[in-house]
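What follows is a short report on a single structure.
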Amino acid sequence: MSEAQVSTADGRSSSVGAGFRRWLSWPAAPALVFLALLLVGFSVGTERFLSIGNLEAILTSVTVLGIIAMAVNQVILAGEIDISTGSMMGLCAMVGGIVSTSYGGLILPLLAAVVVGALAGALNGLLVTVGRVPAIIVTLGMLYALRGVILLITGGEWVSGIPGETRLMGLGAVFGVSIPLILLFALFAALSLVSRNTIWGRNVYAVGGNRPAARLAGLPVDRTRFTAFVLVGVCVGIAAMVFIGRTGGVQTNAGAGLELQVIAAVVIGGTSIAGGRGSTLAALTGAVLIGTILNGMILLGVPGIWQSGVLGALILLAITGDVLRRRALGAEA
Amino acid sequence: MIGSVITNLKGYTGNLRLSREIVLFAVLVTVVVTMSFLSPVFLTLSNMLNTSRFFTEIGLIALGMTLIIITAGIDLSVGSSLALVSVALGFSFAAGLPLPLAILFGVFVGLAAGAFNSFFVTQLELHPLVVTLGTLALFRGVAYGLSNADAVSDFPPWFDYFGQFFIGPIPGQLIVFVLAVFVVWLILARTRFGRYVYAIGHNEEAARFSGVPIRRVKIALYTGTGLLVALAAIIYTSRVSTARADSGTGLELDVIAAVVLGGASIYGGKGTIAGTVLGLLIIATLRNGLVLAGVSSTWQLFILGVLLIAAVFFNEFFRKEE
């Protein structure tokens, strides 16, 4: 039925209709439209929303979320999932914080955070590919296990008083543009490029789109998925340095609940949870959308306790929209 | 010749299944012995019976989860649903609803939460993993929003019966749990519905073509689990005499760990109620023993997390052998 409607629309205005349909099949399109509508809505609804200061504040506030979401996006594109990122971010921030308070500097804490992240990601990847344990179980287990490791390292103590040179990645600015923002967009450019133009990037789509077919075609299915999990770890390490730069200290519950925001950002942005369909732009758009909504909620005076509820509703809306869109587009999408 | 091969294979599988439950039982005995060395209080009847008050809630939900996992599904939202039911019950009571009606309302909310999950799973054919990840956030958020992050605890004394009632030394909820185990076992092992559950898990396409009403079975499973969650929530709320939005945080980990430890395959088609009960007993004794040994709750989560991954690893390892 829906296909018939589409073809009538085509018959009437073929070039516009075809162009519109191609645009509609673009993963991030609905999220971008929604974001634009929200920006207009909040600008009209509240006085303080539409200012350079506030918009920059929104973008800066989603840096941690955005960086992790763009990496998890690759895991989801490959047909897997990673819900361990909240605890992983906490662990990387804790390790980075401890190294920074003992040795100072920026490079050493960054290296420590990235290495710990990469190791945790590699453990996820190994258990999924070699251990053949489903990713949801591995990363659910790791979500709790890594939180335990944080307590093992710290004995429940907080880290505070992180020196200024370490906080550069969260607080610094170059030519008036904050470093978190530059990092976010640099990583966006890098990941887009990798995803679209490298062999690994294309393999991720193939593996997520149809794993048996990818295996039969001789693609390194396990290595592709493993690399995606390690990439998440590395990006979580980088994001953790932005986090401690912004907060100046690390609590043992740092990053708790972040994993849900990350998944929400990826699927709201338009990457299909079924794998094989989506883009880095989608994950970034989703993260900005979440930041905008949370910011707008505060400006509109919605109590913060509704945050989790709004997040859940958004995830359900996004995945429902994805299904309806795929049904409307038929086999094309 | 082929016949004899099949018989051999069947014998092999039978042996494996036997060895799995023996392995589980051996693990349980090992845990019990280790814990009794760690704490002198552990191996006493009163402690054992007291422990059962805590694992009833996990156990009730694990029964429903077993069936869901056998169909290759999952429900991550059970911890949040428990909080939602608890808050619905407590705050409708605080708002002036008579307590029996408030309890009924809680049951209704539990059923509705399960039906809500099943709507997305069956009508939109979305993977239950994502759906329940969404409702995990949604239900918890609604519970926080409705309760305004506040707590209700001025329940009348008779409400204690649900979670603090004893028949002699035996806690009331243990009896409820044993009854529930029997009913769910009967449904899974002795009815056509139970065969449908396994059929869907083995091969959903084949089940569809064989005329199994897949949607109806799944709606029944998720809604039924919602009912078990509601039951667990009522017992929980009565046991702690408080309705709060942060109840049951991380509960899904305990539940899923018990089920997969009991041998249910996350890929569907495999699992038994007996296995789940054994898995539950192992987790419950482990947790109780760790508490008595003075291990912090976050460490318990760490151990549980590792246990969960290890259990699934060994499940799939055994499965490959088959």
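On inspection, B:Leu111 passes the criterion of being more than 11 Å from every other protein chain (Cβ to nearest Cβ) and not aromatic (Phe, Trp, Tyr). Considering the conditions (1) over 24 Å from A:Met70 (Cα atoms); (2) not in a loop (DSSP other than H, G, I, E, B), A:Leu187 is excluded by exactly one of them, (1). Would you confirm whether any residue within the range A:214-234 is within 19 Å of A:Val128 (Cα to Cα), free of Cβ contacts under 8 Å to residues at least 12 places away in the same chain and of a type in the set (Gly, Ala, Ser)? Yes, the range A:214-234 contains at least one residue that is within 19 Å of A:Val128 (Cα to Cα), free of Cβ contacts under 8 Å to residues at least 12 places away in the same chain and of a type in the set (Gly, Ala, Ser).
Just to be sure before I move on: is A:Met94 in a helix (DSSP H, G or I), crowded, with 24+ Cβ neighbours inside 10 Å, touching a residue at least 12 places away in the same chain (Cβ under 8 Å) and within 14 Å of chain B (Cβ to nearest Cβ) in the structure I sent?
yes
Mind telling me which of the residues A:Val133, A:Val128 ends up being hydrophobic (A, V, I, L, M, F, W, C), touching a helix residue (DSSP H, G or I) at 6+ places or on another chain (Cβ under 6 Å), more than 10 Å from chain B (Cβ to nearest Cβ) and farther than 21 Å from A:Met241 by Cα?
Of the residues listed, the single one that is hydrophobic (A, V, I, L, M, F, W, C), touching a helix residue (DSSP H, G or I) at 6+ places or on another chain (Cβ under 6 Å), more than 10 Å from chain B (Cβ to nearest Cβ) and farther than 21 Å from A:Met241 by Cα is A:Val128.
All of B:Ile167, B:Ile175 fail the test of being more than 13 Å from chain A (Cβ to nearest Cβ), among the aliphatic types (A, V, I, L, M) and under 22 Å from B:Ala230 (Cβ atoms), apart from B:Ile175.
Does A:Leu187 satisfy being within 22 Å of the chain's Cα centre (by Cα) and surrounded by fewer than 20 Cβ atoms within 10 Å (Cβ to Cβ)? Considered against the rule, which asks whether it is within 22 Å of the chain's Cα centre (by Cα) and surrounded by fewer than 20 Cβ atoms within 10 Å (Cβ to Cβ), A:Leu187 comes out as no.
Yes or no: B:Leu24 at pLDDT below 80 and assigned to a loop (DSSP other than H, G, I, E, B)? When the stated conditions are applied, B:Leu24 does not pass them.
The values are calculated or read from the model by the stated rules, or taken from the named source; none is laboratory data. Just so it is clear, the structure is predicted and the values come from calculations on it, not from any experiment. With ideal geometry, Cβ positions are generated from the backbone for all residues, glycine too; neighbour counts draw on all protein chains shown.
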